[in-house]
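This report concerns only the one structure given below.
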Amino acid sequence: MKTTLFIPRLLVLSAALAVLSSGRGQTPSPAASGDETVQLPQFTVAAEKADAYRPSDTMSLARIRGQLIDTPVSVNVLSRELFDDLGADSAFDAAKYFAGVGNGRGAGTSGGINDRMNFRGFESQTRTVDNFSSTFLPGTSTSIDTFEPEFIERAEIVMGPDAILNPTGTPGGSMNVVTKSPEFKESNTLKLTVGNFAAQKIAFDSTGPIPLGDGQHWAYRVMGSVQDTYTYIPGKFQKWDIGAELTYKFNDTARITLKYFGLDYKAYGNASAPNDNGWLIYAPASIHSEVLPNTPQTPGVTYDGINGVDIHSITTERTNHIQLVYTGTIAKFISMRLAGQLLSHNNVGDSAYPASATNSTTFDPVTGEVTAAPAFDPTAVPVVWRYNKAIALMHQFQNDYAANFHPGWLSLQAVAGWQYQHAHGFPTRTGTAPMPSVNLFTGAGEDAPRPDINTFTFTNRSVSEATQKAAYALTKAGFLSDRVFITGGATRTWVQSQQYTLNPITNALVGSPAVLDDQRDNYIGSLLIKPVKYLAGYYTYSTNAVLTTFNPGNGVSVPLWSQGRQHEFGLKSEWFDQRLSFTATHFQMSQTNVSTPNPLANINPGAAGNILTNNNNAGYEFNLVGGVTKNLSVIVSYTSMKYRDAFGRRVRNVPDEMANALLNYHFTEGVVKGLSVFGAVNYFGQAPGETITSLAPAVVGQPRVPALPGFYTAAWHVFNAGAAYRYGKYSFNLNIDNLTDRKFAWEPASRLSVSPYPGTNFRLSTTVKF
């Protein structure tokens, strides 16, 4: 069935059902046998929490609410209170305390690109906002914005492949942001944050009923923030965010909500080039897989210096999200969600930094080790100016149905739905121009103006258009009074994309378009056993897949699905009336069909130049989250994993061990009532400084050996602390990051750039509610 007929018919049918549900939906409580009442699934999360850091439910398995202990996957839930206590300026500021979560490249500059993080070793850019994807088709391209934390009600990180919510995401996991919604109780908040960097911010939040009619049907929410702040590395960013929301409630079970989120972001100086803003790695310590010292050893390079980035560099980003979501019930038996989103993104990168072409690596043909640091003259570092413009527009539709049934001794929860995405990438423009060399000792050349845009050498432009459709179903069956759950689900995804290459001068079509057109099924299956109410053990198998291309070396590319697969064994327990949870997880995961150079190609003329291999990761995670007492909240986590490619090599910025702890004590009595204090530590193990996918040079008559990373970053730990005091309608938060001002190599992006860990940062926030 063609898309042009498929989608309108589904929309007409869904809209008709929505009208039916808004007229007939009342209290979702059909009676089961005896006096038992069956509650229909909900598409929203619960407001109540047993502990500030311990929500008891999640909604990111299949877009519906469910109890965490009954959810057969690992989900890290970042509560609103955690964001507030940490004064979080990005989602990563809160996520870093949970097992399996590491910083992605660029996290030191306002959270990184698209809230990019590493989940179980895999770098993820597959963020969803209210279940809507932020990934522009085709591929995994995204905007560079970080979603404003002040707009977040909670964020949920699903670890591992998500076959239902994000069937084409990265294997390690994905983050679903749940935004704040209009409330029918009036509330107004004004917040001011100051600090030495990543601060200087004003935010407001106003919500309440609209006095139309009886005042029970309309509600609004308006949020915004303005930030103009310096970054730890030389530079700054300016960020304007606005959120506007309107809800109409038909009755207790049916409502429609319109949400708009807009961002305007500008980054200057080193902050404008998140993958090229750190140290240049030319020191002798960066070869033979040595551990890099904690301060730069390359002549002329300083820990938090400009290091060759032009001070006139700038990156701008504008994004707009418009959502319309209807939720209701059909004939009191089925919950329904019908939703759509329009997402636009306009990005211009206009920055100059040291040219990577000057940083070649020499590999030993026998051992694969890097044997020599590249030639380097700190008084004449080559610099290139790069201009890149990308504009994309994507619309999405989603329709979900859910119901609970209790036929006798059996409980069934069934969820089914479909989604449709269409993205259009407007003509890109990418060009470079040579710049005067920079003298790192004097700074000469770092303030050179950008060349005239007409002097740039522009590469071929590209235009893309892509459609992704998906249909899914999931059933969860409970046996023995819900002591045993069996869950099974599947998603079929259809992907069709066309990418056109254009002449950079004439815009004429160059060659034939690259076309991808295929379909794929992904699955989730699990068994969960609860011997007692608050103890569960489970096993889950889940998959996802991304459509890409493979070139075996003959110049012909073929469509290829790279699949994420995971076996997860877990134990979940809840204590003290669900106030505290402990989870232990063992995972075995792989990413299939990774294109890799063939070691045998040089000794076998008939062998393909590239072969398909798997990247594998296996490990353990432990999370302790919630309230040890009614006053003491904790997040304690530990991760042990071994992420390796087919040749046993490790991957950039992925350690074998991570550990974190955060303890927050709330005083509820006496003269210090309203005061809370916290202390925290993050530990990150030794990690490769670069990802090497190539092979070492050939030895006559011998298979080529894998090339190895030239250097590793040392294991590190940092201490953070803070305090909050609430008095009436006022609250004050003090956060101190990197309490001991430790310095070390933090975020390796490549051999060309390793970002420093930010020094001690003070942030003081004052909030007034009225």
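The values are calculated or read from the model by the stated rules, or taken from the named source; none is laboratory data. Because the structure is predicted, anything quoted here is derived from the model rather than measured. Please note: Cβ atoms are built from the backbone with ideal geometry, for glycine as well, and neighbour counts cover all protein chains shown. Heads up: the accessible areas ignore ligands, DNA and RNA and are worked out on the full protein's heavy atoms, side chains in. Shrake-Rupley method; radii C 1.70, N 1.55, O 1.52, S 1.80 Å.
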Which whole-number percent is the relative contact order of the chain (Cα, under 8 Å, 6+ apart)? 13 percent
Solvent exposure, largest accessible area first (probe 1.4 Å, DNA, RNA and ligands not counted), of Asp214, Asp577, Asp518, Asp645: Asp577, Asp214, Asp518, Asp645
Measure nothing but the geometry: give the 0 to 90° angle between the long axis through the Cα atoms of 3-24 and the longest principal axis through the Cα atoms of the chain, rounded to 10°. 30 degrees
Listed residues Leu571, Leu212 arranged by accessible area, highest first, probe 1.4 Å: Leu212, Leu571
Total formal charge among the other residues, if their Cβ is under 12 angstrom from that of Ile233, Lys/Arg +1 and Asp/Glu -1: -2
Given the pairs Lys332/Lys469; Lys191/Lys389; Lys180/Lys530, which span a C-alpha to C-alpha distance of over 31 angstrom in this model? Lys191/Lys389; Lys180/Lys530
Per residue of the stretch 228-236, in order, report the coupling 6.51 cos²θ - 1.76 cosθ + 1.60 (Karplus, θ = phi - 60°) as ³J(HN,Hα) in whole Hz, putting x for Gly and Pro. 9, 9, 7, 9, 5, 6, x, x, 7
Farthest positive-ward along the stretch 57-163 dipole, Cα basis, beta-carbon charges - from Gln67, Ser143, Val77: Ser143
Carbon and sulfur together cover what percent of the accessible area of the stretch 488-588 at a 1.4 Å probe radius? 58 percent
Under the classification rounded if a/c is under 1.5, otherwise prolate if a/b is larger than b/c and oblate if not, where does the stretch 712-770 fall, given a ≥ b ≥ c as square roots of the Cα gyration tensor eigenvalues? prolate
Simple SL model, points at 7 angstrom along Cα→Cβ for Asn320 and Ala714; separation in nm is 5.0 nm
With +1 on each Lys and Arg Cβ and -1 on each Asp and Glu Cβ, how big is the dipole of the chain about its Cα centre, in debye rounded to the nearest 20? 1100 debye
Using the heavy atoms of the protein chains alone and a 1.4 angstrom probe, what is the accessible area of the chain per residue in square angstrom? 39 Å²
Can you bin every Cα-Cα distance in the stretch 356-491 into 10 Å intervals starting at zero and give me the percent of pairs per bin, rounded to whole numbers? 9, 18, 16, 15, 15, 14, 10, 3, 0
Answer rounded, prolate or oblate for the stretch 356-398, using the Cα gyration tensor with square roots of eigenvalues a ≥ b ≥ c: rounded when a/c is under 1.5, else prolate when a/b is larger than b/c, else oblate. oblate
Ignoring ligands and nucleic acids, Met589 exposes an accessible area, probe 1.4 Å, in Å² to the nearest 10, of 10 Å²
For the stretch 78-202, place one equal point scatterer on every Cα, skip the solvent, and apply the Debye formula. What is log10 of I(q)/I(0) at q = 0.23 Å⁻¹? -1.45
FRET efficiency, Leu734 to Leu212 (Cβ-Cβ, R0 51 Å, nearest 0.05): 0.75
With bins 10 Å wide starting at 0, give me the P(r) of the stretch 584-669 over every alpha carbon pair, in whole percents. 15, 28, 21, 16, 10, 6, 3, 1
In nm, give the distance between the simple-model label positions of Ala414 and Val671, each being 7 Å from the Cα along the Cα-to-Cβ direction. 6.5 nm
Let me have the 222 nm mean residue ellipticity of the chain computed from DSSP H runs of 4+ only, each contributing -39500 (n - 2.57), with the sum over all residues rounded to the nearest 500. -1500 deg cm²/dmol
Which residues make up the longest stretch of the chain that has no trypsin sites (Lys or Arg not before Pro) in a DSSP loop with at most 12 other Cβ atoms within 10 Å? 186-532
Provide, as a two-decimal number, the C-alpha radius of gyration of the stretch 164-212 over 2.2 N^0.38 Å, N being how many residues it has. 1.83
Heavy-atom accessible surface of the stretch 245-381: percent carbon and sulfur, 1.4 Å: 59 percent
Find the Cα radius of gyration of the chain, compare it with 2.2 N^0.38 Å by division, and give the number to two decimals. 0.96
Counted charge near Phe732, where neighbours are those whose Cβ lies closer than 14 Å (Asp, Glu -1; Lys, Arg +1): +3
Wrap a convex hull around the Cα atoms of the stretch 173-296, take a quarter of its surface area, and give that in square nanometres. 12.0 nm²
Which value does Rg/Rh take for the stretch 643-686 over its C-alpha atoms, Rh per Kirkwood? 1.40
At a 1.4 Å probe, what is the % contribution of carbon and sulfur to the accessible area of the stretch 402-482? 59 percent
Which of rounded, prolate or oblate describes the stretch 269-310 when judged by the alpha-carbon gyration tensor and an a/c cut-off of 1.5? prolate
Which net charge results for the neighbourhood of Gln125, defined as the other residues with beta-carbon distances under 9 angstrom from its beta-carbon, given Lys and Arg at +1 and Asp and Glu at -1? 0
Additional length obtainable on full extension of the chain from Ala608 to Tyr727, 0.36 nm per residue less Cα span: 35.8 nm
With no solvent and one point on each alpha carbon, what is the Debye value of log10 I(q)/I(0) for the stretch 320-401 at q = 0.12 Å⁻¹? -0.67
Ranking Thr540, Ala707, Ser437 by how far each Cα lies towards the positive end of the charge dipole of the chain (+1 on Lys and Arg Cβ, -1 on Asp and Glu Cβ), the top one is Thr540
